[in-house]
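Some notes on the structure that comes next.
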Amino acid sequence: MLALTFRAGETPLAIDTQLVVEVLPRVTLQKAALAPEAVVGLLPFRGTLTPVVDLCWLVAGRSARGQLGTRIIVTQVDSGARYVGLLAEDVSELVDSRDTILGLNNLDHTWLGEHLADQPEMPMIVHPSELLPDALQRLFEANPP
Amino acid sequence: MSRGESQLASRLSMFVLVFLTLYAVFAFVAWRTLDQVRVKGPYYTEIMLGNELIADVLPPPQYIIESYLLTLQLIDERDPSEISRLIEEGNELRVTYEARQEYWKRALDDSTMKDLMTVTASRAAMEFFRIRDDVYIPAIRADDRVAARAALDQMRQRYEAHRYAIDEVWELAETRNADYEKRADALIGEQIRTLVILAIGVVLVVVVMAWFARRSAQSLSARVLLVSDVAGRVAQGDLTTEVPPSDAGDEAGRLLGAIGGMTQSLRGLVTRVKQASVELMSTATEFAATSRQQEATVQGFGASTNEIAAAVKQIAATSQELLATMEGLNAVSGQTADLAEAGQSGLSNLDSTMDRLAQAANAMSARLAAIREEAAEITGVVTTISKVADQTNLLSINAAIEAEKAGEQGLGFLVLAREIRRLADQTAVATLDIEQMVKQMQTAVSAGVMEIDRFAEEVRSGVGTVDRVGGQFGQIISQVKTLSERFDTVNHGMRSQSQGARQIGEAMGQLLDGARQTSVSLREFNAATEGLRDAVTVLKTEIAKFKLGND
C-alpha cells in the first residue's frame, strides 16, 4: 500500500493514496458559518464546496501552523461520491507499507485506524469517511458533487 | 463681707427710717393744723364766738334802731341840755351809719343782698334821717309837740320799712354763711384726703428707694470688698488671684476691671522680671566664666608671645636657607622646559598617525555594510529556491498518487515521481544549509561592524586626548618659563620676610605689655561681675516673694 504520511501536532498519521484525490498548498478558504470549530472553511474544488477539517485541532487542540509543509489533502469518501479536505502539517512523504497492526483505538475517534508497522514512527491510518460528525454529514448532503 | 455690707446698708436704712419718722411727724402736724383751723374747728368756733359776742353787745350801726330809740326819747324830754345831747348823739349815729354804708357799698358784691342793704334799707334810713333833721328836730327845738308826733309817726313808718329790709338781709347773710361753711368744710376734707394719698405715695417711693439703695449698696460693697481682698493679696505678693469679669459698667465694675488688668499686667511684669533675672544670673555666671577664661588666655598669650618671638627668629634664619634652595630649583625648571618641548613634537607625529587610523576604520565599516547588503540578497534568492523546491515536492506527491491509481501502467511514472521528489528534498536541504550559512555570515558582519565602530570611536577619542596632552605640554612650557620670574619675586619676598620677622619681634614685646594690662582689667571686671551676681541674687529673692500660680 502506498501511504501519504503527515503530522497533526506531534502525532504521526498516514492515509492510503487510493483515497487521496489531490494534495493542494494551503490556500485561503471561505469561512463556513455556524460550522464546528474543527472545520476551518470551505474549499471550492472541482465544482463543489468541500469542507476542510483541521486535524491539528482534532488531535492536538490547536490550529495548524502556517508553514510550507502544511497542506490540504483532498480525499474522497462514500466511494468517491463526496470530498473532504484534511488540513495537516508536514505533508511531504510517500511510503510503501506492507504491514499494518491494530493499535489502541478510541471509540470516540473511529476515524483513527491501524498503525503502519514497518515504518519508523508507526503512523496511524486516517479513515476520512469516519471523520466528520453528523452535522457535517448533513452539510455534505446539502452539497452533492 | 457681712460687716461691710451691714455698715453701708444699715446706715442707709437708718437714713430712710429717720426720714420716714420726720415725714410722719410733718404729716401729723399738717393734719392737726388743718383740723384745728377748719370751719367749726376749735379756732373757728372761738373767733365766731367773739364775733357773735361783739354783735350781741354792740348796737348795730347799720340798724337804725338806736336812732329810732333816741327820737322816741326826745319826744318826752324837756331839759334843753339833754335835748341837745340827744340830738348830738343822733347826729353821730347818722355819721357812723353813712360811713358804714359807704364801706358796705364797696365791700359787698352785686347781689340781692347788696340791693337790699344799700338801696332798699338805705333809702328808708335816709328818709328817716331827712324827716328827723328837717321836720322832727326843728319841731322839738320849737317845742311843737304835735308836729313832732306827726313827724315821729312818719319816721316810724320809714323805720318799719328799714327793719323789714334789714331782716331780709339778715336771713340772706345767714344762708350765705351756712353755704360758705359747708364749702369750706368740703374743701378741707378734700385737702386732707389729698394729703393722705400724697403721704402714702411718698412712703411707697421711699420704700422703693430704700430697696434700690440697699440692693446697689450690697452689690457695690461686695465688689469693693472683692477688690480690697484682691488688692490685699497683691500687696502680700500673691498674683495668682483671678478677678472675675464684671458686666456692670458702673464705677465699681470699672474698678474691678482695672484691678484685674493691673494684676494681670503685674503678673506679666513679674514673670518677665523673673525670667530676666534668671537670664541675668546665667549671663553673669557666663561673664565670670568667660572673664576667668580670658584671664587664663591672656596669661597663656604672654607665654605664646615669647615663643612666637623665638619662632620669628628661626623664620628669619630659615628664609635665608630657602633662598639658596630656590636658586637650585631655578636650574631644574629650565631642564623641565626642554623636556616638555621634546614631548610636544613627539605628540604631533602621533596625532597624524591617529588620523590615518580613523580613516581606515571608516573605510572598513563601509565595506562591511556592503557585505551585509549582499547577504540580504542571498537570503532573498534562497527563499525563492525554497518555494520552488516545495512546489516540486507537492507536484511529485500528486504525480505519485496519480501513478499509483494508474496501477501497472503508472509504475514507471511512479519511479520518476519518486526521483523528482528526492531531488526536491535534496534541494530543500541544500537551501536550508545555505540559509544557515548566510545567517552566520550576517551575524559575523554585524559583530565586525560593531567592533569597527567601537575602534573608530576609540581612535577619535585618542585623537582628542593627544590634542589635549599637546595643549597641556604647551601650558607646562609657558608656566615653566614664567617660573623663573616668580623665583625672583620669591627671593625678594624672602628678604622682606626676614625684615618683617624682626618687626614682629618688636611688636610682640608691645603685645606682652598690653596683655599684662588686659589681665589687670580682667580682674577688675571679675569683681564687677561678682557684684552683679550678688545684685541679681537679691532681685531673685525679692521676685520669688510673688506667687504667679503657673509655677
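Computed from the coordinates by the stated procedures, all read-outs in this text should not be read as laboratory data. The structure presented is a predicted model; accordingly, all values stated were derived computationally and were not measured. We place every Cβ from the backbone using ideal geometry, glycine too, and count neighbours over all the protein chains shown.
Using the crude model of +1 on Lys and Arg Cβ and -1 on Asp and Glu Cβ, and no other charge, please compute the dipole size for the range B:198-252 relative to its Cα centre, in debye to 20. In total the dipole reaches around 280 debye. Remark on the protein assembly as shown: Rg and Dmax equal 83.2, 239 Å (Cα only).
Mind checking which helices in chain B clear 30 Å along their axis (Cα) and have mean Kyte-Doolittle hydropathy of -0.5 or more, DSSP H runs only? For chain B, where a helix must reach 30 Å along its axis and average at least -0.5, the hits are B:2-37, B:145-235, B:251-406, B:411-544. The share of Cα pairs per 10 Å bin across the range A:7-50, counted from zero up to the longest distance, runs 20, 45, 34, 2 percent.
With Cα atoms defining each centre, the range B:478-551 and the range B:318-393 are spaced 64 Å apart in the structure. Near A:Gly9, the amide H atoms lying under 5 Å from its own belong to A:Glu89; only residues 5 or more places off or on other chains count, and H is placed 1.01 Å from N.
Remark: the range B:138-200 projects, on average over all directions, an area of 6.5 nm² (convex hull of Cα atoms). Legend: ranking of residues B:Val25, B:Val227 from fewest to most surrounding C-beta atoms inside 10 Å; resulting order B:Val25, B:Val227. Summing charges over all other residues whose Cβ lies under 14 Å from the Cβ of B:Gln426, with Lys and Arg as +1 and Asp and Glu as -1, gives -1. 3J(HN,Hα) along the range A:94-100: 10, 10, 9, 10, 10, 9, 10 Hz, from the Karplus curve 6.51 cos²θ - 1.76 cosθ + 1.60 with θ = phi - 60°, whole Hz, x for Gly and Pro. Counting Cβ atoms of other protein chains within 10 Å of each residue's Cβ and taking the mean over peptide A:6-15 gives 0. Peptide B:412-419 is shielded by partner chain Cβ atoms: per residue, an average of 1 of them sit within 10 Å of its Cβ.
On the principal axes of its alpha-carbon atoms, chain B has extents of 229, 125, 50 Å, going from largest to smallest.
Inter-chain neighbour count for B:395-404: the average number of beta-carbon atoms from partner chains within 10 Å of each residue's beta-carbon is 5.
Of the residues B:Val135, B:Val202, B:Ile64, the one whose Cα sits farthest toward the positive end of the charge dipole of the range B:2-224, with +1 on the Cβ of Lys and Arg and -1 on the Cβ of Asp and Glu, is B:Val202. The orientation-averaged shadow of the Cα convex hull for the range B:2-224, equal to a quarter of the hull surface, comes to 18.5 nm².
Dipole of the range B:393-486 computed with +1 at Lys/Arg Cβ and -1 at Asp/Glu Cβ about the Cα centre; of B:Gly474, B:Val438, B:Gly448, farthest Cα towards the positive end is B:Gly474.
With springs only between Cα atoms under 10 Å, which of A:Thr11, A:Thr50, A:Thr70 fluctuates most in a Gaussian network model of chain A? Answer for the Gaussian network model of chain A: A:Thr11. For the range B:301-515, the average shadow cast by the Cα convex hull is 25.3 nm², which is a quarter of the hull's surface. The magnitude of the dipole of the protein assembly as shown, with charges of +1 and -1 set on the Cβ of Lys/Arg and Asp/Glu and taken from the Cα centre, is near 1980 debye. Restriction of the GluC sites (Glu not before Pro) in the range A:1-69 to DSSP coil positions whose beta-carbon has at most 12 other beta-carbons within 10 angstrom yields A:Glu10, A:Glu37. Distance from the Cα centroid of the range B:55-87 to that of the range B:215-273 is 101 Å (rounded to whole angstrom). Amide H contacts of A:Leu131: none lie under 5 Å away among residues 5 or more positions distant or on a separate chain (H built 1.01 Å from N in the peptide plane; Pro and chain starts excluded). Annotation: amide H-H contacts under 5 Å for A:Thr100 (H modelled 1.01 Å from N, sequence separation of 5 or more, or interchain): A:Ala117.
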